[in-house]
Amino acid sequence: MTSPRAGSLRIIGLGPGDDAWITPEASDLIAGASDLVGYAPYLERIPAREGQMRHQSGNRVEMDRARLALRLVEEGRSVALVSGGDPGVFAMAAAVFEAIEGGKPAWRDIDVAVCPGISAMQAAAARIGAPLGHDFCAISLSDNRKPWSLVEKRLAAAAEGDFVIALYNPASIARPQRIHDAFALLRGLKSGQTPVVFARAVGRADETISIATLASVDPSLVDMSTLVIIGSSQTKTIARKGKAPFVYTPRGVDP
Ligand SMILES: C[S@@+](CC[C@H](N)C(=O)[O-])C[C@H]1O[C@@H](n2cnc3c(N)ncnc32)[C@H](O)[C@@H]1O
C-alpha cells in the first residue's frame, strides 16, 4: 500500500464581511482547493463549485476542525480552511498550529501556509478614521479558554500603558455581564472623555457604527458581532456638521 500523496493546507482569511475585502490570493486558493473546511457561516460566503467538497462545523469545535483539516491533507487532499477576518487573529491559524504541536509527528511536515485577511479592527478603524494610528493592543473578552482574572489584568495593563484597545468577542448570550465588567474596570482607570467606538457587523448589510465617550457609552448595545475600540489619552474626535465625527490617534506623543 502506498502512502497517500501529501496534500497541502492553506489557512485563509475571508475578511470581516464585504466580499470586496477578500484578497485575490485568498480567492485563488479557495478556487483551487479540493476541500473547504470551516465554520458554516464562513463557508456560506463561498460560492459552491462542482467537485469541491465542503466540511462545515459548529463554532465551538475549533480544535476538531483543525484536526479534520490535517487528516484530509494526510489523505492527499488540498484543503482550504477558511476563517473570518484574519486567520491569525483570534482564529483558526493558532488552532492548527496547536493541533500540529500536539498531534502526530508527521503533521509537522505538512505543507501548511497562512493567507492573511483584513481583521475586524482594521475594517472598523477604517470606517471612522484612524483610531489605531499609534500604539494599540487587541484583547479578546472571551473567557472560554482563559480565566476572567487574566482578562482583567490585561485590560488594566492596557489602560496603564495608555494603549488604544480593540476588544474582540466582547459579549455573548452565555456571558452578557463581561462587557459591563470590562467597562466598569476601564471607567475606573481612564478619562470619561475617552472616545469609544462600537463597530457592529462591519462590511455586512446590517453594519452599524456608533461613536461615544467612555462615560456615556451603553455597553448593553454590544453583541458578539461588535468590535469595540477604546481610545488612548491621545485619541481625538473631529466634529463635522451633519456627519459622524472622525476618530483618530495622532502618530506621535509629545514628550
Ligand atoms: C473569533 S473572533 C474572530 C476575529 C477575526 N479572525 C478577525 O480577524 O477579525 C470574532 C470577533 O471578531 C469581531 N468581528 C468579526 N467580524 C466582525 C465584523 N464584521 N464587524 C465587527 N466585528 C467583527 C467581533 O468582535 C467578534 O466577536
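Read-outs: derived from the displayed coordinates by stated rules, not from any lab. Keep in mind that this is a model prediction, so the values were computed, not measured. So basically every Cβ, Gly included, is an ideal-geometry build from the backbone, and we count neighbours across all protein chains shown.
I need the Kirkwood Rh of segment 1-97: take the reciprocal of the average 1/r across all distinct C-alpha pairs and report it in angstrom. Let's see the in-between values first.
Numbers: mean 1/r = 0.0749 Å⁻¹.
Computed over segment 1-97, the radius equals 13.4 Å.
Which order results if V151, V197 are arranged by neighbouring Cβ count within 10 Å, fewest first?
V151, V197
With the radius of gyration and the Kirkwood radius both derived from the Cα set of the chain, what is their ratio Rg to Rh?
1.03
Roughly what % of DSSP beta bridges within the chain run antiparallel, to the nearest 5?
40 percent
Measure of size requested: the Rg and Dmax of segment 28-161, with Cα atoms as the atom set and Å as the unit; please supply both.
For segment 28-161, the Cα-based Rg and Dmax read 17.2, 54 Å.
Calculate log10 I(q)/I(0) of segment 76-147 for q = 0.23, 0.28 Å⁻¹, where I(q) comes from the Debye formula with a single equal point scatterer on each Cα and nothing for solvent.
-1.13, -1.33
Please compute the Kirkwood hydrodynamic radius of segment 192-255 from all pairs of different C-alpha atoms, in Å with one decimal.
12.8 Å is the Kirkwood radius here.
Express in % the proportion of alpha carbon pairs of segment 122-232 at distances exceeding 18 Å. Spell out each step's value before the answer.
Values: 2680 of 6105 pairs.
When every Cα pair of segment 122-232 is considered, 44 percent fall beyond 18 Å.
Fewest first, what order do R54, R127 take by the number of other Cβ atoms within 10 Å?
If I rank by nearby Cβ atoms, fewest first, I get R54, R127.
Given 0.36 nm per residue, what is the gain on full extension from M63 to A48 after removing their alpha carbon distance, in nm?
Extending this stretch completely gives an extra 2.9 nm.
Tell me what the chain gives for mean residue ellipticity at 222 nm when only DSSP H runs of n ≥ 4 count, each as -39,500 (n - 2.57), the sum divided by the residue total, rounded to 500 deg cm²/dmol.
-8000 deg cm²/dmol
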